Structure formats: structure tokens, C-alpha cells
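K.L.:
Have a look at the structure that comes next, please.
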Amino acid sequence: KAGSVLAMTRAGVAAVAILALTPAALGADGGRGFAELRLQGYSGVEGEPVQTILRFRPELSADLSDRISLTVGVELGLSQGRSFENEWQETLRASALGPVLEAAQCTWPEEENSFLRVSRAEDYLSVERLYLDWYLPGADLRLGRQAVLWGSALVFYPTDPFPEILVLQPWRQRRGVNALRATLPIGEDHDVQMVVGGNDAFDAARVAVRGTLNVGLADISLVGAYRQESESGIVGLDLRGTAVVGYWLEGSAHFGADNEWFEEVAVGIDYSWPVLDGLLVRAQYYRNGAGETHPPALAPLSDAIEMPTCATGEVPLGGDVPAESRDPFAPFLRGRDYAMLMLAQTINADLTFSAVAIQNLGDGSAVVVPTLSWAATDRWEFAATAQLPFSTWGDGGDLHPGDEDLVLTVPLPGGPIPVDMRGLVPSATFIVWSRLNF
């Protein structure tokens, strides 16, 4: 019943937000947003190789008074084509494990609308931004679902209390956080930010504080945060400045419920040249103290795997895949030491090219993500990106699994059964999208 109430609440909030997007309802004087069509192609996979995604994301802001404004943004999204869940199911059915699953009378969750792949409103509709801004003489307050990003590093931000990695999804916006955020300026150059909120179910608290001090050409920030749902927190330092080149040092200590802790550190430099309309190069070393020198290549798949329900008991699909879900605030990468390089070339006012490369210094696996963007008009833009994994040395790893890494061993009383998962992991991914801004 609680789940039904929560689903109804989300659907109701979404419906209210859509009504609120009517300018007459808000008295709104500022609207923005976009409609996007994205095509994703996967090389070296079995099954459907292409996925189509449609996104519609309007956002409006309205001044309710001289000091108070309301912002509302929703997102409607639908997809067709390749589905990881469907391909995972077909892989198991076609493997030697298929007869075992059939004998155990295993069934998979199915959407009520199989064509649109949706069962509930939240499967295609979400409230991404819904907040009030209140500008006081001594502080700025923002209450509601909002984006929060702290940190100065490249790609990975050790002091970000709500980490999210978008390097493989350059088209996506950060998820909203339900919180009250207060920004208190101290003089002209310093400030303190405080965030108090909760998770989406509002049954676990989140608290974070960041104080920033400007000293000469450097900004020094101290950060502390606690997340109740994972009983984890961080204490960190973020230093960013300029001395011939730009530099940053961002590090944090993560602590958990069992008094265990690990470090996360990012240190790097950047420099720009007057090539065409500007060339920026950034380099960084990143350390994940919770990682492994040679992390299991199947681990990233475990976050997306959906298990069947079996009438005769559970079939142990654990094997190399952890049975428990990961900490949502854990570092994204599973390895320990990485080198990163980014270049951003502005060719002209309408055309830009960028590329990010990430190298695992332990197992030799790597990935490069090039992106080309073109603003065709003031409102219409096109972009293309790719995810190209490879190995600089070794036989594969977390960023570029080898063939032997992609075999899941399922332990059963009659003996282990191997499941070949190579058809689930693309050798390369190519993405093009067009966005109409309004």
C-alpha cells in the first residue's frame, strides 16, 4: 500500500506540475526547455542494435513577488529499440541456464504497455525541477527539487555530496535533489552553502555544508556531508586556483556505518591556447581508495540486471555479480588509479569539438568519449558522440572487458553453469541527437 501511495503521489505531483506549466496558471514571464530525438547504435552486440529515445523537457519560471520566484520543470521520455533488460533475459534463455529457469517456473517483470514499455506514470513522466527561490538581504534560499553540484575537478568530484557522472551521457542534465539550500555570502568573495533535504521517499535525511574562502587567485572550500539512507558521509577539501596554469586539488575522506573509510582524490591542471576560437586542455590523476587494482569487469552490469521471480525458489544468479545493490553515493569507477585527459576545441561560434579519455592505471583498460556539437540556428542544435573502449595494455578490465571477463558463472547443485554475456556489452557505442530549444 505504501508503494501505491508513493506512486500516486508522484503521478499527482507530475500532473500538478504540467498544469503549472501553463503560463496563465503561473503568470509566468519566462519559459525555456527543449525537445530532443536521440539515436544510439551499439556495435558488437546480439539482438537489437539500435535504440531511439524521445525527450520533451519544458521548464518555466515565474516571479511571485520582488524577492520570490517559482521554477517548474518536467520531463517526458519514451524509448524504443534495444532494451538491456530484454537482451539480458534472452541471453539467459538461450544459455545452458535456460532449461533450469524454465523448470523453476521463473517469470520476468513485464510492463503493462509492452509497446511503450511503461506501467506507471513515473516510467515516462518525472518532475525534474520544482523549487522556490527566495532572495533575502543576507541569504539566498532555494527550496524544492533542484540540481546540486559541488567540486572543481574533471569528470569526478570527490567533494560532491550527491555524485553523478555524466561523461558517458553528455546530453543529460543532473538529477534533482529534494532540499532546502541556503547560500550566505560573507563579504564580496566568500560564502557558505548549506543543504538540508531527503531522498525521494522522504524517509532519510541528507545534510551538507560547504564553506568557500577566496585567497588571492585561489578558492579554498571545506565540505562536510551525511546521507542517512546509506549511513555514509564525507569530509573534504577543494582547492582551485591559477599560477601560470590552472590547477585543482580536490580530496575527501568517505566514512560509513561500520567505521570504515576510504579516500578519494583528484589533482590536475589545465591550460588554454588561442587556437581558432580557443583550445583548452585539462589533465588529471584520480584515485578511488575504495577501488581495486583489477576490479571485476562484470560488476558494472550488476547495477542494471533485473532478476526473475521463480516459483520453486531463487536461482542463484549471483556468481561474479554482487547480490546487494551498491551504495548510491559510492565512486562510479571500480578501479583505484586513473589518468584523465580532456581537450575542448572551439572551432567557431557554432561548432565545438571535445574529447575525454580515461585510462585505468591498474589493468590497462581505457575509454575515450569524443563529442562534436553544431548549433545550426539559435534554437536548433545537433551533436554526435561515441564511447570507444580499448586496452592500452593487458587483457581487459573495468573500462574494456576482455572476452573471459564477460562469462558469468552460476553455481548450482549439479555444477556451475557458464553464461556468455559478450553479446550484452558493446565494443563501441555511437550516439547522435538533435535538440530544438524553446
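The values are calculated or read from the model by the stated rules, or taken from the named source; none is laboratory data. Please read all numbers here as calculations on a predicted model, not as lab measurements. FYI the Cβ positions are ideal-geometry reconstructions off the backbone, even for glycines, and counts take in every protein chain you see. Just so you know, the surface numbers come from the protein's heavy atoms only, side chains and all, with ligands and any DNA or RNA stripped out. Shrake-Rupley method; radii C 1.70, N 1.55, O 1.52, S 1.80 Å.
K.L.:
Which is surrounded by 19 or more Cβ atoms within 10 Å (Cβ to Cβ), small (Gly, Ala, Ser) and in contact with a strand residue (DSSP E or B) (Cβ under 9 Å, 6 or more places away or on another chain), of GLY144, GLY138?
P.N.:
GLY144
K.L.:
Continuing with the same structure: With the checklist (1) modelled with pLDDT under 90; (2) not in a strand (DSSP E or B) in hand, flag the one item LEU408 doesn't pass.
P.N.:
Among (1) modelled with pLDDT under 90; (2) not in a strand (DSSP E or B), LEU408 violates only (2).
K.L.:
For the stretch 65-73, does any single residue satisfy the condition of being open to solvent by 60 Å² or more (accessible area, probe 1.4 Å), at pLDDT 95 or above, within 17 Å of VAL432 (Cα to Cα) and not aliphatic (A, V, I, L, M)?
P.N.:
no
K.L.:
Same structure, new question: So which residues in the stretch 176-204 are among the small types (Gly, Ala, Ser), assigned to a strand (DSSP E or B) and out of contact with any Leu (no Cβ under 7 Å at 6 or more places or on another chain)?
P.N.:
Hits for the stretch 176-204 are ALA179, GLY198.
K.L.:
In the list GLY98, GLY81, which residue meets the criterion of being open to solvent by 20 Å² or more (accessible area, probe 1.4 Å) and either touching a Leu at 6+ places or on another chain (Cβ under 9 Å) or on the phi < 0 side of the Ramachandran plot (or both)?
P.N.:
Criteria check complete, one pass: GLY81.
K.L.:
Check whether at least one residue in the stretch 325-333 is closer than 28 Å to VAL148 by Cα, surrounded by 20 or more Cβ atoms within 10 Å (Cβ to Cβ) and basic (Lys, Arg), and report yes or no.
P.N.:
The answer is no; no qualifying residue exists.
K.L.:
Okay, moving on. Could you tell me whether GLN173 is out of contact with any Gly (no Cβ under 6 Å at 6 or more places or on another chain), open to solvent by 60 Å² or more (accessible area, probe 1.4 Å) and not in a strand (DSSP E or B)?
P.N.:
no
K.L.:
Taking into account only those residues within the stretch 176-195 that are of a type in the set (Val, Ile, Thr) and in contact (Cβ under 8 Å) with a residue 24 or more places away in the chain, which is surrounded by the fewest Cβ atoms within 10 Å (Cβ to Cβ)?
P.N.:
Looking at residues that are of a type in the set (Val, Ile, Thr) and in contact (Cβ under 8 Å) with a residue 24 or more places away in the chain, I get THR183.
K.L.:
Follow-up question, since we're still on this one. Hey, can you tell me all the residues within the stretch 151-167 that are within 18 Å of GLY241 (Cα to Cα) and open to solvent by 10 Å² or more (accessible area, probe 1.4 Å)?
P.N.:
Once the filter is applied, which keeps residues that are within 18 Å of GLY241 (Cα to Cα) and open to solvent by 10 Å² or more (accessible area, probe 1.4 Å), the stretch 151-167 yields GLY151, SER152, VAL155, TYR157.
K.L.:
List pairs: first in the stretch 32-48 and closer than 25 Å to ASP378 by Cα, second among the hydrophobic types (A, V, I, L, M, F, W, C) and assigned to a loop (DSSP other than H, G, I, E, B), Cβ under 6 Å, 6+ apart or cross-chain?
P.N.:
Note: pairs meeting the criteria are GLY33/PHE438.
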